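K.L.:
Below is the structure I would like to discuss, written out as structure tokens.
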Amino acid sequence: MEVRVGQEREDEGVAPSVMLEGVRWCDVLLSLLTEPVDRALLAANPALRGVANCAVGFNNIDVAGATALGLPVSNTPDVLTDTTADLTWALLLAAARRIPEAQEYMKAGRYKLWGPNLLLGADVSPGGSGRRKVLGVVGFGRIGAAVARRAIGFDMDVIAYDPHARAQIDASGIARWAELDDLLERSDFVTLHPLLTRETHHLINERTLKRMKPTAILVNVSRGPVVDEAALVRALQERWIAGAALDVFEHEPAMAEGLRECENAVLVPHIASASADTRDKMATMAAENALAHLHGKRAPNAVNAEVYSSDAYRARISRFPTER
């Protein structure tokens, strides 16, 4: 088996010409979420057997186009649920307690004397006021539910919004259903976990940001375009909300103008799944999916499983060698 790597440096993307050249010779394309895989690219090789995306999300791939061409597409689901939920809480706590600001304060040598008003943050637990804080979870899939479960340890009340999971929310025993506007108005912390669709693009925008409490903190570990980033910059600058913590960005890796200057924003470079154990498991799953594509078998994690019963798929695999 021959393997070719198109990305020579980890901090650089793959040029479209390199992608096209790679697709033309390969049997299976193993892609990252940074690489757009459109129908024209997939159609460049009639002998291509499948696409194995090393990520949970697959917005970078034209799945409908792949299905029409008879190509199975796979991802690496479930494995990063806990790792992403952990980072959500790390970001929430960092923003609430102003940890990045405190670290910079120390590193700059500004700490001369303790004072009662030094870097005052917000409680996540009931804290000094004794008031139970409200966590609002938008998107109640595996990750959203895992984030909600972790709130139990902080003695929080959890409300959740997901138009596709109301029954799961009601049956969870850890969260109560709330409409989006109600959730935004009541929550002290709002975490975002929806899929990126037409309906969720800019779900958080000027109107919805203005419904949040001025003391609230927004955390996004889902997809960047779920948040209107320009509106968020205004919300942070004008203190419509107290703060935000982002792992993803609308036009990643670029950030909206003014965002990096917001002291009330915690910003990290898409590291939600970045633990050694999780990334190793993701790579293993992607390889297992790729081998299934290679041998004309059903991939363990196909996102378009309907392709296997299509005429386009049967026509495609008829071109494969008999012995696989």
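Each reported figure results from applying straightforward, stated rules to the coordinates on display, with no laboratory input. Values in this document were obtained by computation on a predicted structure and should not be read as measured data. Note: ideal-geometry Cβ built from the backbone for every residue, glycine included; neighbour counts use all protein chains shown.
K.L.:
Helix 16-25 versus the longest principal axis of the chain: what angle, 0 to 90°, nearest 10, using Cα atoms?
P.N.:
It is inclined by approximately 40 degrees.
K.L.:
For segment 18-111, which trypsin sites (Lys or Arg not before Pro) are in a loop by DSSP, counting at most 13 other Cβ atoms within 10 Å?
P.N.:
Filter output for segment 18-111: ARG110.
K.L.:
Scan (i) 20.3; (ii) 21.5; (iii) 22.3 for the value of Kirkwood radius over Cα pairs in Å calculated from this model and give just the label.
P.N.:
The value computed from this structure is option (ii).
K.L.:
How far apart, in nm, are two points set 7 Å out from the Cα along the Cα-to-Cβ line at ARG239 and at LEU291?
P.N.:
In this crude label model, ARG239 to LEU291 measures out at 5.8 nm.
K.L.:
What share of Cα pairs, in percent, lie more than 27 angstrom apart in segment 37-165?
P.N.:
Of all Cα-Cα distances in segment 37-165, 48 percent exceed 27 Å.
K.L.:
Using only the Cα atoms, what convex hull volume per residue in Å³ does segment 126-205 have?
P.N.:
Taking only Cα atoms, segment 126-205 has a hull volume of 84 Å³ per residue.
K.L.:
Give me log10 I(q)/I(0) at q = 0.16, 0.21 Å⁻¹ for segment 183-249, Debye formula, one equal scatterer per alpha-carbon, no solvent.
P.N.:
For segment 183-249, the Cα-only Debye profile gives -0.44, -0.78.
K.L.:
Output the relative contact order of segment 81-267, whole-number percent, from Cα pairs under 8 angstrom with separation of 6+ residues.
P.N.:
Reported as a whole number, the value is 20 percent.
K.L.:
Would you calculate a helix-derived [θ] at 222 nm for the chain, using -39,500 (n - 2.57) for each DSSP H run of n ≥ 4 and dividing by the full residue count, to the nearest 500? Please report the intermediate quantities before stating the final value.
P.N.:
Values: 12 runs with 107 residues, N = 324.
Calculated mean residue ellipticity at 222 nm is -9500 deg cm²/dmol.
K.L.:
Expressed in nm to one decimal, what extension gain is obtained for the pair LYS107 and ILE174 from 0.36 nm per residue of sequence separation less their Cα-Cα distance?
P.N.:
20.1 nm
K.L.:
Further question: What Kirkwood hydrodynamic radius, in Å, does segment 81-267 give when the mean of 1/r is taken over all pairs of distinct Cα atoms and then inverted?
P.N.:
Roughly 16.7 Å, rounded to one decimal.
K.L.:
Here's something else I'd like to know. Taking every DSSP beta bridge with both residues inside segment 81-267, roughly what % is antiparallel (nearest 5)?
P.N.:
Taking every DSSP beta bridge with both residues in segment 81-267, the antiparallel ones total about 5 percent.
K.L.:
Among the GluC sites (Glu not before Pro) within segment 220-324, which fall in a DSSP loop and have no more than 14 other Cβ atoms within 10 Å of their own Cβ?
P.N.:
Passing both the DSSP loop test and the Cβ count: GLU238, GLU257, GLU261, GLU263, GLU323.
K.L.:
I would also like to ask the following. Multiply the residue separation of GLU12 and ARG97 by 0.36 nm, subtract the distance between their alpha-carbon atoms, and state the gained length in nm to one decimal.
P.N.:
27.2 nm is the gain from fully extending GLU12 to ARG97.
K.L.:
Follow-up. Hull surface divided by four, with the convex hull built on the Cα atoms of segment 24-80: how many nm²?
P.N.:
Dividing the Cα hull surface by four gives the mean projection, 3.6 nm².
K.L.:
Moving on to the next point. Write down the Å³ per residue value for the convex hull defined by the alpha carbon atoms of segment 170-324. Walk me through the numbers before you get to the answer.
P.N.:
Working: hull volume 27.5 nm³, N = 155.
So the per-residue Cα hull volume is 177 Å³.
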